[in-house]
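Here is the structure we will look at.
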Amino acid sequence: MSETEVIENALTEEEQELFECVYERPGTLTDARFHYCPGCGHSVVHRLLMEVVEEMGIQQDTIGVAPVGCSVLAYNYLDIDMQEAAHGRAAAVASAIKRILPEKYVFSYQGDGDLAAIGTAETIHTANRGDNFLIVFINNAIYGMTGGQMAPTTLLGMKTSTSPSGRTVETAGFPLKISDIVAMLPGSYYVTRHSVHNPNAVRKLKKALVTAFKYQNERKGLCLVEVVSNCPSGWKMTPTEANEWLVEHMFPVYPPGDMKTPKA
Amino acid sequence: MGDVRLMKGNEALAEAAIRAGCQAYFGYPITPQSEILEYLSGEGRKRGMIVLQAESEVASINMVYGAAGAGARVMTTSSSPGISLMQEGLSYIASAELPCLVANINRGGPGLGTIQPSQGDYFQATKGGGHGDYHVIVLAPSSVQEMADFVFDGFDLADTYRNPAMILADGALGQMMEKVEFREYDPAEHVPPKPWATVGKPPTRERNIITSLQLASEDMEKVNLKLQEKYRTIEAREIRCETIMTEDAEVLLVAYGLSARIAQKAMQMARAEGIRAGLLRPITLWPYPYAAVRSLAEQVSGMLVVEMNAGQMVEDVRLGVEGRVPVSFYGRMGGIIPSPEEVLRELKQAIAKQTTKQVEVS
């Protein structure tokens, strides 16, 4: 069971009254323990999404779509109705769900391989149609689940199991900035890039997610929230090193900030 | 008399989908079935259907997954190369037990092949098609009337068994015009409740999850065993075939779809020449009418299977016959439709060969 319960049980009722609860597991997360590696950004983003769903009171109106990749089992943790899509097809699946249930909130949750390699066509055409749902895009520049292969977003020079000497332009081309492409399409409404490497970044990402859900409610079109994340296991670093490396190397290529916001 | 119209097979299929309460259609243009997407883009949308021309067949079938998972009655259609692209998605849909209807207006292959009619996708349709152990329920129309009828039947079968159903027709059936009468059909009386659909989790129930993933082998075997049990039920209940003039038949033609119409004409010509020929027309290609084949094998001296391919269904006929009588095959490929005269000639040759063989054996 969760650590939270252990702490609660350690206090008597009288003692508990002396404390104010400032931080707890959202009720929209299941009791299952995350399978993610220590320091991985997925757990934080899962939690943030579900905090937003809980705070907006939309648990019974939200349908999520899980990808293939490390977050393939996202539905084990998010206590909402969910579908698990084929690799790269989460956007197509979400597009259809939203068409059948236009009053509901729909999001897809996809990694870089899913969204920017095998699913590129679905990503671009979903954005181009202006389909009214949210894509949460986790970009950690690597295929984590399959053991650390090169991703479309892998940085030049970055070593992976399929670019053992570092990614070169000659053999693998350039890191694909797919969010920038999505932002250029008239069908997208809100495209923004964030991270979860420190508390300030976490707060900003949460705000962006709230904003995206608000726009979906207003039927504004496709929103894409990219999260520049880490992969301590795949990058072969400690969580702290990974977060430092992320700031130093990922941000210059994938700078945090809004790529597209509604004109005031 | 219901609503009778003169229509192309593709249009009849599309019109039937509207009448069957198909809520959403996702498709991509490909000859010889683009009329379905065109008809639904006009008439379907006008009558409330969600119709989306997707970016590919891959996207189409995954949109079908999403819409079916959200509880909608949903369809996609394509022709051979496009159906090949959908196989991964169909495997997911079968595994996740989602009901949907798919139509393959078969054209000649392999590869880009030809836009002319073919039955070259029989193996793909009836043996699974994609990865893993699964089946789609396959209905083979042989007239424009059945192009419409099997839409209603296909949706009902899909919903009953939470399984994809497929109409396997060919380019000729899609393009030709015939009289078609639409049955009286109220979707409200046919579509069952779908408490498993992902429509948003109210506080009163556990969350619904649509997935085909079970990482633990024991769990995935359970999924497979459940599917196999369902397939056995479908095999026990849903086999359909037609027999024509088999009561006194000494030789049997076996053919489905368009080939069955040609074989029927050849059968009539043979009868006129005093050959007591009969016809077995499988209507469900999966589940396959093995029992009908087996029982006719006890009666006739030989069989000729006619297909517009290199010999695919003939393997199922031989499985049913189990060596009891000789089974010959005649097929044309590349989009060529065999003529009744060709089939009659082949039938006579087969009889001669089969008789010689029997003499040799005895």
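Please treat every number below as a calculation from the coordinates, not as lab data. Note that this is a predicted model, so its numbers are computed, not measured. With ideal geometry, Cβ positions are generated from the backbone for all residues, glycine too; neighbour counts draw on all protein chains shown.
Local charge sum around B:GLY335 (other residues, Cβ-Cβ under 11 Å, Lys/Arg +1, Asp/Glu -1)?
Around B:GLY335, the charge tally is +1.
With springs connecting C-alpha atoms under 10 Å apart, model chain B as a Gaussian network and identify which of B:PRO282, B:PRO110, B:PRO99 has the largest mean-square fluctuation.
Fluctuation is largest for B:PRO110.
In Å³ and rounded to a whole number, note down the convex hull volume per residue for the Cα atoms of the range B:1-140. Kindly include the intermediate steps, with their values, before the conclusion.
Values: hull volume 15.7 nm³, N = 140.
Roughly 112 Å³ of hull volume per residue.
With an 8 Å Cα cut-off and a minimum separation of 6 or more residues, compute the relative contact order for chain B in percent.
Relative contact order here is 17 percent.
Once label points are set 7 Å from the Cα along Cα→Cβ at both B:GLU218 and A:GLN16, what is their separation, rounded to one decimal in nm?
Modelled inter-label distance: 3.5 nm.
For the protein assembly as shown, what does the helix formula give at 222 nm: sum of -39500 (n - 2.57) over DSSP H segments with n ≥ 4, over the residue count, nearest 500 deg cm²/dmol?
That comes out to -11500 deg cm²/dmol.
Across peptide A:106-119, what mean number of C-beta atoms from other chains lies inside 10 Å of a residue's C-beta?
Average neighbour count from other chains, rounded to a whole number: 1.
If you find the alpha carbon centre of the range A:47-66 and of the range B:269-315, how far apart are they in angstrom?
57
Under the definition of Cα pairs under 8 Å and six or more residues apart, what whole-number percent is the relative contact order of the range B:241-361?
The value is 27 percent.
For the range B:123-187, what Kirkwood radius comes out of the mean inverse Cα-Cα distance, in Å?
Computed over Cα pairs of the range B:123-187, the Kirkwood hydrodynamic radius comes out at 12.9 Å.
Any idea what the dipole of the protein assembly as shown comes to, in debye rounded to 20, about its Cα centre with Lys/Arg Cβ at +1 and Asp/Glu Cβ at -1?
With Lys and Arg at +1 and Asp and Glu at -1, about 1600 debye.
Checking the a/c ratio against 1.5 first, then a/b against b/c, what shape does the Cα gyration tensor give for the range A:1-157?
The shape class here is oblate.
How far apart, in nm, are two points set 7 Å out from the Cα along the Cα-to-Cβ line at A:PHE174 and at B:GLU181?
6.6
With springs only between Cα atoms under 10 Å, which of B:GLY257, B:GLY331, B:GLY48 fluctuates most in a Gaussian network model of chain B?
B:GLY48
Set the Förster radius R0 to 60 Å, insert the Cβ-Cβ distance between B:SER339 and A:THR146 as r into 1/(1 + (r/R0)^6), and round the FRET efficiency to 0.05.
Once the sixth-power term is evaluated, E becomes 0.65.
Among B:GLY331, B:LEU285, B:GLY320, whose Cα sits farthest toward the positive end of the charge dipole of the range B:242-362 (+1 at Cβ of Lys/Arg, -1 at Cβ of Asp/Glu, about the Cα centre)?
Of the options given, the answer is B:GLY331.
For B:PRO192, what charge total do you get from the other residues with a beta carbon under 11 Å from its beta carbon, if Lys and Arg give +1 and Asp and Glu give -1?
0
Just to be sure I follow: if Rg is taken over the C-alpha atoms of the range A:28-260 and Rh is the Kirkwood radius over the same atoms, what is Rg/Rh?
Rounded to two decimals, Rg/Rh equals 0.94.
Relative contact order (percent) for the range B:177-327, with alpha-carbon contacts under 8 angstrom and 6 or more residues of separation?
Reported as a whole number, the value is 20 percent.
With r as the distance between the Cβ atoms of A:ASN200 and B:ARG205 and R0 = 30 Å, compute the FRET efficiency 1/(1 + (r/R0)^6) and round to 0.05. Don't jump to the answer; show the numbers that get you there.
On the way: r = 38 Å, r/R0 = 1.28.
Efficiency, rounded to the nearest 0.05: 0.20.
With both partners inside the protein assembly as shown, how many of the DSSP beta bridges are antiparallel, as a percent to the nearest 5?
Antiparallel bridges make up about 25 percent of those DSSP assigns within the protein assembly as shown.
Between A:THR123, A:THR211, A:THR12, which gets the highest mean-square fluctuation from a Gaussian network model of chain A, Cα cutoff 10 Å?
Looking only at A:THR123, A:THR211, A:THR12, the largest GNM fluctuation is found for A:THR12.
Which value does Rg/Rh take for the protein assembly as shown over its C-alpha atoms, Rh per Kirkwood?
That ratio equals 1.06.
Angle, helix B:9-19 long axis vs. longest principal axis of chain B, Cα atoms, 0 to 90°, nearest 10?
Result, in degrees: 40.
Spin-label point model (7 Å from Cα, Cβ direction): what's the B:GLU235 to B:LYS348 distance in nm?
4.1
Can you pull out the trypsin sites (Lys or Arg not before Pro) in the range A:202-264 that DSSP calls coil and that have at most 14 other Cβ atoms within 10 Å?
Those that pass, being in a loop and sparsely packed, are A:ARG219, A:LYS236, A:LYS263.
For B:ILE283, what charge total do you get from the other residues with a beta carbon under 11 Å from its beta carbon, if Lys and Arg give +1 and Asp and Glu give -1?
Taking every Cβ under 11 Å from that of B:ILE283, the sum is -3.
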